[in-house]
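Contents: one structure, followed by commentary.
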Amino acid sequence: MLYSMTSLGLRCSKRIRAVAFDVKNKLLKKLPTSNFQLLTFPIFANKTKNMIPHETIVALATPSGAGAIAVIRLSGANAITIAAEVFESVSGKDITKQKTHTIHLGHIVDGSKVYDQVLLSIFKGPNSYTGENVVEISCHGSVFIQQQIIQLLLRKGAKMAQAGEFTLRAFLNAKLDLSQAEAVADLIASDNEASHQIAMQQMRGGFSNEIAKLREELLNFASLIELELDFAEEDVEFADRTAFYELLNRIEFVLKRLIDSFAVGNVIKNGIPVAIVGEPNVGKSTLLNALLNEERAIVSDIAGTTRDTIEDELVINGIGFRFIDTAGIRETKDVVESIGIQKTFEKIEQAQVVLFILDGSGMMEAGSLEAVKIEIERIKNQYPQKALLTLINKKDLLPEALQAELHTEIDNLLLISAKNNEGIDELKNELLSFVNTGALRNNETIVTNSRHYDSLLKALEEIQKVKWGLDSDLSSDLIAIDIRTALHYFGEITGEVTNDELLGNIFANFCIGK
């Protein structure tokens, strides 16, 4: 529930209450008061007219290369008039006079030359993706046709779009906030159900709405604290400290939950790295092939045949995993194999899950079980932060009594036969158990963006400073500084606070045409 001025303990007259709302509006517009001249903030992106580009841009919106259909997108004030110069409708209608969200059949022409029969879609601003006039030309997917139409539109006055420029304009025209714009890129890059679900939720505003709610509640208190500065000589408090502290506790709780979610969100977005390690020729490559259900890795009886790391991806129940088949770890004088072994240790450092695979055919030798237990403890001690699952391959060679003993003596153990595809489904289920999918099932907000994570950490630090200030009975002017800094970091996430360099870095990672 958002706190109102009165519910926050504004014990004052109507005149002072009006002053408080005026202070809040000034904060919303990011106009520093005289009390905050010592603070220097980055450029504030408040979508002023000089920030919004005026050129009409064009780009291919579909993947480059030949295909059945290609879509060429125009956006800008002159998008419809430029398109009208090269489009002849079969109905004879003037497209500049047609309604928004209409589709027209016709031809792209240059004088007497006809390039293609196309469908032309009109979206008039502000009711479009970018908030500007947008035209989308659906043509046949010939690369030659695509290039000819784009070149023709450039000659008529359009400018070639930069990477992410369509979505940048959507942000500048307040069609999306910055976190939603970043989610567009994540949605395009999503390659499994989990990453798609997270990106879709963020693009629909789930994350930004949660941040905006916290920011609004904190902003209400900030306006009251600032009001106290204007009445400092009267020694009055307009912000109820008890209610304020309760709000800070709730904001701290939400921020910690969002920060903790990054551990899951980051690996879901990028794929959970799983290192397959063990001595040479114990079945690591055979296991990778069994997991992927294809002959991806080299399988040979010659020890050391995997001399480099081999990576591939697999989606299990909507969660992406990146499997890394590493070179066998052993003493060797072979220079090339030694390089592969060194890379194995590097990959283990990067992995979240380690599959330690052993050759079951050697488990019947005297002392082998104790040696295995010692090796498992060594790996646990060397990589204490990694989830470790021990696999004993070639289970078909092991007597049932020995299998039972192994399960008793070794924790987190699976017996498999990679060659016969036995135990592979059980392994996939075990891998899923290492992923906290509760937040996904409950459709909770999950942070996947490192920029958001960094801003959340900084906002949390400022909120904790405010709490310390209240506990220490600091003056209102000092508390107000930390509140405003926290608001600043909230604004960084959604784009109320930004700068040209940040926007350039974000949208440079988009594809051209989006």
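With a cut-off of 8 Å between alpha carbons and a minimum separation of six or more residues, what is the relative contact order of region 57-175 in percent? List each step's numbers first, then the result.
Numbers: 236 pairs, mean separation 38.0, N = 119.
Once divided by the residue count of region 57-175, the mean separation gives 32 percent.
Can you tell me which of 274-281, 117-124, 249-256, 495-502 comes out highest on packing, and rank the rest after it, using the mean Cβ neighbours within 10 Å?
Numbers: 274-281: 22.4, 117-124: 19.1, 249-256: 15.8, 495-502: 17.4.
For the peptides 274-281, 117-124, 249-256, 495-502, the packing ranking is 274-281, 117-124, 495-502, 249-256.
List Asp325, Asp186 from most exposed to least, where exposure is judged by having the fewest other Cβ atoms within 10 Å.
Ordered from fewest to most neighbouring Cβ atoms within 10 Å, Asp325, Asp186 come out as Asp186, Asp325.
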*Across 5 Å bins from 0, what is the distribution of all Cα-Cα pair distances for region 57-175, in whole percents?*
2, 12, 24, 25, 21, 11, 4, 1, 0
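How much net charge surrounds Leu187 when only other residues with a Cβ under 14 Å from its Cβ are counted (Lys, Arg +1; Asp, Glu -1)? Present the calculation step by step, with values, prior to reporting the outcome.
Values: positive: Arg204, Lys269, Lys514; negative: Glu182, Asp186, Asp191, Glu193.
Its environment carries a net charge of -1.
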*What is the set of long-range amide H partners of Thr102 at a cut-off below 5 Å, with H atoms built 1.01 Å from backbone N?*
Ile122
*In terms of modelled amide H atoms, which long-range or inter-chain residues lie less than 5 Å from the amide H of Gly495?*
Leu178
*Suppose every K and R has +1 on its Cβ and every D and E has -1 on its Cβ; what is the size of the dipole of region 57-175 about the Cα centre, in Debye to the nearest 20?*
240 debye
*Would you mind counting up the charge near Phe253? Only other residues with Cβ under 14 Å from its Cβ, with Lys and Arg at +1 and Asp and Glu at -1.*
-1
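Among residues other than Leu391 whose Cβ falls under 11 Å from its Cβ, what is the net charge (Lys/Arg +1, Asp/Glu -1)? Could the numbers behind the result be given before it?
Numbers: positive: Lys284, Lys394, Lys395; negative: Asp359, Glu426, Glu430.
Local charge sum for Leu391: 0.
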*Selection from Val90, Ala161, Phe123, by position along the positive dipole direction of region 57-175 (Cβ)*: Phe123
*How big is the equivalent ellipsoid of region 136-294 along its three axes, where each semi-axis is √(5λ) from the Cα gyration tensor, reported in whole Å from largest to smallest?*
45, 34, 11
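Rule-based calculations on the coordinates, nothing more; no lab input. Being a predicted model, the structure only gives us computed values, none of them experimental. Every residue, glycine as well, gets a Cβ built from its backbone with ideal geometry; the counts of neighbours run over all protein chains shown.
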